[in-house]
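The values are calculated or read from the model by the stated rules, or taken from the named source; none is laboratory data. On a predicted model such as this, the values are computed, not experimentally measured, just so you know. Reconstructed Cβ throughout: ideal geometry from the backbone, glycine too, with neighbour counts over all protein chains shown.
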Amino acid sequence: MNKAELVNEIAKVTGQTKLDVHNTVAAMLHHLTAAMAKGERVTLVGFGTFERRHRQARMGVNPQNPNEKLKIAAARVPVFRAGQELKQIVDGKAKIPALPKSVEGSTKPKKAAAPKAKASSKPAKKAAPKAKAKAKPAAKKSKAKKRR
């Protein structure tokens, strides 16, 4: 799964727009990276810990010429240690817990409640124009790309 697929899945579950989810994921990664750059440890309980470690300088071997020795400089490297819950789920010893109701259903009932309040024939009419509206911008975008 890549970042775009993650954003799509979260947007589907939470009912938020992809842009909002993308901005949230980008902000989370930015702050996680900034904290590790400062040397701070970031712990997400049940998931794992992100931290920065110092790797000592060492001697290595050139894979193209095994007789040649290389000096590998010291470096600060990011490290992730999986939490116990994540380890058990990945190993198949535990099941993935269900999403909290506050996440899974936070915005979906609001969207579903609006059509229920109206007559049953009206929501069906409104659903068709939305599909057409989505198709029109896609066509405009493709025309715009052809012009460039």
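Odds and ends about this structure:
- Scanning the range 1-12 for residues that are surrounded by fewer than 15 Cβ atoms within 10 Å (Cβ to Cβ) and either in a loop (DSSP other than H, G, I, E, B) or over 9 Å from the mean Cα position of the chain (by Cα) (or both) turns up Met1, Asn2, Lys12.
- Within the range 44-61, the set of residues being among the polar types (S, T, N, Q) and assigned to a strand (DSSP E or B) comprises just one member, Thr49.
- Of everything listed in (1) modelled with pLDDT of 95 or more; (2) out of contact with any strand residue (DSSP E or B) (no Cβ under 8 Å at 6 or more places or on another chain); (3) aliphatic (A, V, I, L, M), the single unmet condition for Val79 is (2).
- Residues that are in a strand (DSSP E or B) and either under 24 Å from Leu6 (Cα atoms) or in contact with a strand residue (DSSP E or B) (Cβ under 7 Å, 6 or more places away or on another chain) (or both) do not occur anywhere in the range 25-38.
- No other residue among Ala74, Ala113 is at pLDDT 95 or above and out of contact with any Ser or Thr (no Cβ under 8 Å at 6 or more places or on another chain) apart from Ala74.
- Residues within the range 80-105 that are surrounded by 13 or more Cβ atoms within 10 Å (Cβ to Cβ) and over 18 Å from the mean Cα position of the chain (by Cα), tallied: 7
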